[in-house]
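As structure tokens, the structure follows; a few thoughts come after it.
The values are calculated or read from the model by the stated rules, or taken from the named source; none is laboratory data. Nothing here was measured: the structure is a model prediction, and the numbers come from that model. So basically every Cβ, Gly included, is an ideal-geometry build from the backbone, and we count neighbours across all protein chains shown.
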Amino acid sequence: MNASDIVSPENLVYAKPELMNDNHMHYCPGCSHGVVHKVIAEVIKELGLQEKTIGIAPVGCAVFAYKYLDIDWQEAAHGRAPALATAVKRLLPDRMVFTYQGDGDLAAIGTAETIHAANRGENIAIVFINNGIYGMTGGQMAPTTLSNMVTSTSPDGRNVETMGGPLKMLDMLALLDGVCLATRVSVHTAAAVKKTRRMIKLAFENSMAGKGTSIVEVVSTCNAGWKMTPAAANDWMVENMFPVFPIGDLKNI
Amino acid sequence: MAKVKGYVEINTGRCKGCNLCVVSCPTDTLDLQPREVNDRGYHYVYMKNPDDCIGCANCGFVCPDGCLTVYRKKVL
């Protein structure tokens, strides 16, 4: 049997989501951002919300997210995505509003906005990409950098005594009453990608149902910042990130 | 027993040669081109052993750039 016998629409198992356009993505080869973009595009299509979704793009590597997904986007100042999402959702309550933020955006400069938006229980979904490093600016230490992890601004490793330990934003946010979903997922295998799709779908449904703030933390890789190949970065993530940021639901009501 | 045959269509211009699909493949169907590169200079992925493909779509799910389209058909 040759390829022409198999390639037909009824045999299709997997294809690039329709909402993702053909623009070449600027991400490094093997970057987790691309997978999460695909998952978001699939979920929005599945829920039929392409005309009703407003995404809030962050500052960080995903700053150009609006170029790759054919939905409405707003660009926020660094860290202010939850504040902007609050405004959008309050003015247009029938829209599905989500923010897409990295750890430098959500856990460093945007800590206050994130915590207060979650505490108010704004009906938004937050997709939090945690790769433990500032990828865009050259691999500097982030609040979520692991203990003893070498980065360009902690060349001897992160010293917990002087620099503190990795900030567990999700654990903090799960304590707040306004949060209805706080879950940690990853995208390193096909099974993990499917799980992530289920959780992001739930988060988007929560936003539409007005249940409160949903946070989906995606533990991901930054192979360029970690100075590894993409496959080695996935293994390193499983070995070192997962013990500190364990996968699973912290809150799901 | 019915067998399944798969086929992976590759958007070679979009591929960045990250190798994630290659390590995710349970049947060692895929590999990166050893010498050929695409317009952007990446060693793009190709079906090295097309007969082994079972169409599980693991490669498609983990591909960060959406380069892979996977088809699967039952054969008797």
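Applying the set (1) aromatic (Phe, Trp, Tyr); (2) more than 19 Å from the chain's Cα centre (by Cα); (3) under 26 Å from A:Gly138 (Cβ atoms) to A:Phe64 leaves exactly one unmet item: (2). Of all the listed residues (B:Cys18, B:Cys53), the sole one being more than 8 Å from chain A (Cβ to nearest Cβ), closer than 28 Å to A:Ser186 by Cβ and surrounded by 22 or more Cβ atoms within 10 Å (Cβ to Cβ) is B:Cys53. Counting the residues of the range A:2-16 that are more than 7 Å from chain B (Cβ to nearest Cβ) and buried (at least 20 other Cβ atoms within 10 Å of the Cβ) gives 0. Residues that are surrounded by fewer than 22 Cβ atoms within 10 Å (Cβ to Cβ), assigned to a loop (DSSP other than H, G, I, E, B) and modelled with pLDDT of 90 or more do occur in the range A:183-197.
Among the residues of the range B:2-12, is there at least one that is farther than 19 Å from A:Pro9 by Cβ and touching a helix residue (DSSP H, G or I) at 6+ places or on another chain (Cβ under 9 Å)? It would help to see each step written out before you state the result.
First, the residues of the range B:2-12 that are farther than 19 Å from A:Pro9 by Cβ: B:2-3, B:12.
Next cut, touching a helix residue (DSSP H, G or I) at 6+ places or on another chain (Cβ under 9 Å) only: none.
No, the conditions are met nowhere in the range B:2-12.
Kindly evaluate B:Val45 against the criterion of being of a type in the set (Val, Ile, Thr), within 18 Å of A:Tyr27 (Cβ to Cβ) and facing chain A (nearest Cβ under 8 Å). No, not satisfied.
Considering (1) farther than 24 Å from A:Ile247 by Cα; (2) without any contact (Cβ under 8 Å) to a residue 60 or more places away in the chain; (3) buried (at least 18 other Cβ atoms within 10 Å of the Cβ), the lone condition that A:Gly102 does not fulfil carries the number (1). Only one entry of A:Asp235, A:Asp177, A:Asp249, A:Asp171 meets the criterion of being surrounded by fewer than 17 Cβ atoms within 10 Å (Cβ to Cβ) and assigned to a loop (DSSP other than H, G, I, E, B), and that entry is A:Asp177. Among the residues of the range A:44-80, which ones are in contact (Cβ under 8 Å) with a residue 40 or more places away in the chain, in a helix (DSSP H, G or I) and of a type in the set (A, V, I, L, M)? Selection gives A:Ile44, A:Leu47, A:Ala62, A:Val63.
In the list A:Leu175, A:Leu167, A:Leu202, which residue meets the criterion of being touching a Ser or Thr at 6+ places or on another chain (Cβ under 9 Å) and either within 14 Å of chain B (Cβ to nearest Cβ) or under 20 Å from A:Ala107 (Cβ atoms) (or both)?
Sole residue among the options that is touching a Ser or Thr at 6+ places or on another chain (Cβ under 9 Å) and either within 14 Å of chain B (Cβ to nearest Cβ) or under 20 Å from A:Ala107 (Cβ atoms) (or both): A:Leu167.
Test B:Cys59 against the criterion of being outside any strand (DSSP E or B), facing another protein chain (nearest Cβ under 7 Å) and out of contact with any Lys or Arg (no Cβ under 9 Å at 6 or more places or on another chain), and give yes or no. So B:Cys59 fails the test.
Take A:Gly225 and tell me if it is under 20 Å from A:Cys61 (Cα atoms), assigned to a helix (DSSP H, G or I), under 18 Å from the mean Cα position of the chain (by Cα) and more than 14 Å from chain B (Cβ to nearest Cβ). Answer is yes for this residue. Across the range A:36-46, the number of residues qualifying as in contact with a Ser or Thr (Cβ under 8 Å, 6 or more places away or on another chain) and either facing another protein chain (nearest Cβ under 7 Å) or over 20 Å from A:Gly60 (Cα atoms) (or both) comes to 1. Among residues of the range A:18-31 being at the interface with another protein chain (Cβ under 7 Å from one of its Cβ atoms) and either outside any loop (DSSP other than H, G, I, E, B) or not small (Gly, Ala, Ser) (or both), the one that is surrounded by the fewest Cβ atoms within 10 Å (Cβ to Cβ) is A:His24. Whether any residue in the range B:56-70 is over 23 Å from A:Thr196 (Cα atoms) and acidic (Asp, Glu) is what I want to check. Within the range B:56-70, not a single residue is over 23 Å from A:Thr196 (Cα atoms) and acidic (Asp, Glu).
In the range B:27-48, the count of residues that are surrounded by 23 or more Cβ atoms within 10 Å (Cβ to Cβ), at negative phi and either among the charged types (D, E, K, R) or not in a strand (DSSP E or B) (or both) is one or more.
Scan the range B:23-38 and give yes if some residue there is facing chain A (nearest Cβ under 7 Å) and within 11 Å of the chain's Cα centre (by Cα), otherwise no. Yes, the range B:23-38 has at least one match.
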